[in-house]
Amino acid sequence: MKIIVVTFTNNKLPALTHTLGFIQQQTRQPNLVIVVSNSNNKNFQRERQICKDKGYLCIQNSKSSNQSGGLNTAIEEVVS
(Lines give C-alpha, C1' and ligand atoms only; values in the text may rest on other atoms or scores of the structure.)
Protein backbone atom coordinates (compact mmCIF):
# COMPACT_ATOMS: atom_id res chain seq x y z
CA MET A 1 0.00 0.00 0.00
CA LYS A 2 1.28 3.46 -0.89
CA ILE A 3 0.49 6.46 1.26
CA ILE A 4 0.42 9.92 -0.28
CA VAL A 5 -0.05 13.01 1.89
CA VAL A 6 -1.35 16.21 0.32
CA THR A 7 -1.31 19.41 2.33
CA PHE A 8 -2.02 22.98 1.35
CA THR A 9 -0.43 26.30 2.28
CA ASN A 10 -1.11 29.96 1.62
CA ASN A 11 1.64 32.27 2.92
CA LYS A 12 1.80 30.50 6.29
CA LEU A 13 5.40 29.33 6.69
CA PRO A 14 5.24 28.62 10.46
CA ALA A 15 2.11 26.48 10.02
CA LEU A 16 3.71 24.60 7.12
CA THR A 17 6.85 23.87 9.15
CA HIS A 18 4.67 22.65 12.02
CA THR A 19 2.60 20.40 9.74
CA LEU A 20 5.64 18.88 8.04
CA GLY A 21 7.16 18.19 11.45
CA PHE A 22 4.07 16.18 12.42
CA ILE A 23 4.27 14.22 9.17
CA GLN A 24 7.89 13.32 9.95
CA GLN A 25 6.85 12.04 13.39
CA GLN A 26 4.46 9.44 11.95
CA THR A 27 5.34 5.82 12.59
CA ARG A 28 4.49 4.85 9.02
CA GLN A 29 6.12 7.35 6.70
CA PRO A 30 4.22 8.28 3.55
CA ASN A 31 5.64 7.31 0.19
CA LEU A 32 5.08 10.82 -1.09
CA VAL A 33 4.30 14.19 0.48
CA ILE A 34 2.96 16.92 -1.78
CA VAL A 35 2.62 20.49 -0.56
CA VAL A 36 0.34 22.55 -2.81
CA SER A 37 1.02 26.25 -2.46
CA ASN A 38 -1.32 29.18 -3.05
CA SER A 39 1.37 31.52 -1.73
CA ASN A 40 2.99 34.51 -3.36
CA ASN A 41 6.21 33.86 -5.27
CA LYS A 42 8.53 34.93 -2.43
CA ASN A 43 6.93 32.55 0.07
CA PHE A 44 6.61 29.79 -2.53
CA GLN A 45 10.38 29.83 -2.99
CA ARG A 46 10.83 29.47 0.79
CA GLU A 47 8.23 26.70 0.97
CA ARG A 48 9.90 24.85 -1.87
CA GLN A 49 13.26 24.97 -0.06
CA ILE A 50 11.73 23.73 3.20
CA CYS A 51 10.12 20.83 1.34
CA LYS A 52 13.28 20.05 -0.61
CA ASP A 53 15.27 19.88 2.64
CA LYS A 54 12.79 17.27 3.94
CA GLY A 55 12.56 15.30 0.70
CA TYR A 56 9.02 16.47 -0.04
CA LEU A 57 7.51 17.88 -3.20
CA CYS A 58 6.19 21.46 -3.30
CA ILE A 59 4.16 22.64 -6.27
CA GLN A 60 2.23 25.79 -7.06
CA ASN A 61 -1.51 25.45 -7.40
CA SER A 62 -2.34 25.66 -11.10
CA LYS A 63 -6.11 25.48 -10.61
CA SER A 64 -8.59 27.62 -8.69
CA SER A 65 -7.13 29.04 -5.47
CA ASN A 66 -9.13 26.88 -3.09
CA GLN A 67 -8.76 23.41 -1.60
CA SER A 68 -10.45 21.62 -4.49
CA GLY A 69 -8.16 23.35 -6.99
CA GLY A 70 -5.15 22.38 -4.90
CA LEU A 71 -6.30 18.78 -4.70
CA ASN A 72 -6.76 18.67 -8.48
CA THR A 73 -3.24 20.05 -8.91
CA ALA A 74 -1.86 17.33 -6.61
CA ILE A 75 -3.79 14.57 -8.40
CA GLU A 76 -2.43 15.72 -11.74
CA GLU A 77 1.09 15.58 -10.29
CA VAL A 78 0.62 12.04 -9.03
CA VAL A 79 -0.87 10.60 -12.22
CA SER A 80 1.49 12.34 -14.65
Self-check item: Candidate set: segment 6-18, residues that are of a type in the set (A, V, I, L, M) and open to solvent by less than 40 Å² (accessible area, probe 1.4 Å); chosen: the one nearest to the chain's Cα centre (by Cα)
Solution: Leu16
Exercise. Report, ordered by the first and then the second residue, all pairs with beta carbons closer than 6 Å, sequence separation of six or more or different chains, a first member in segment 7-24 that is within 18 Å of Gln67 (Cβ to Cβ) and among the aromatic types (Phe, Trp, Tyr), and a second member that is open to solvent by less than 20 Å² (accessible area, probe 1.4 Å) and not in a helix (DSSP H, G or I).
Key: Phe8/Val36
Practice problem: Considering only segment 46-80, state which residues are open to solvent by less than 80 Å² (accessible area, probe 1.4 Å), farther than 12 Å from Thr7 by Cα and β-branched (Val, Ile, Thr). | Solution: Ile50, Val78
Quiz item: Say we look at segment 32-45 and pick out the residues that are farther than 22 Å from Met1 by Cα and surrounded by 15 or more Cβ atoms within 10 Å (Cβ to Cβ); which of these is farthest from the chain's Cα centre (by Cα)?
Solution: Asn43
Practice problem: Could you check, for segment 38-46, whether at least one of its residues is assigned to a loop (DSSP other than H, G, I, E, B), touching a helix residue (DSSP H, G or I) at 6+ places or on another chain (Cβ under 9 Å) and among the small types (Gly, Ala, Ser)? | Solution: yes
Quiz prompt | Failed item, numbered, when Gly21 is tested on (1) within 11 Å of the chain's Cα centre (by Cα); (2) open to solvent by less than 40 Å² (accessible area, probe 1.4 Å) | solution = (1)
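The values are calculated or read from the model by the stated rules, or taken from the named source; none is laboratory data. Since we're looking at a predicted model, the values are computed, not measured. Every residue, glycine among them, receives a Cβ derived from its backbone with ideal geometry; neighbour counts consider all protein chains shown. Note: areas computed on protein heavy atoms with side chains; ligands, DNA, RNA excluded. Shrake-Rupley method; radii C 1.70, N 1.55, O 1.52, S 1.80 Å.
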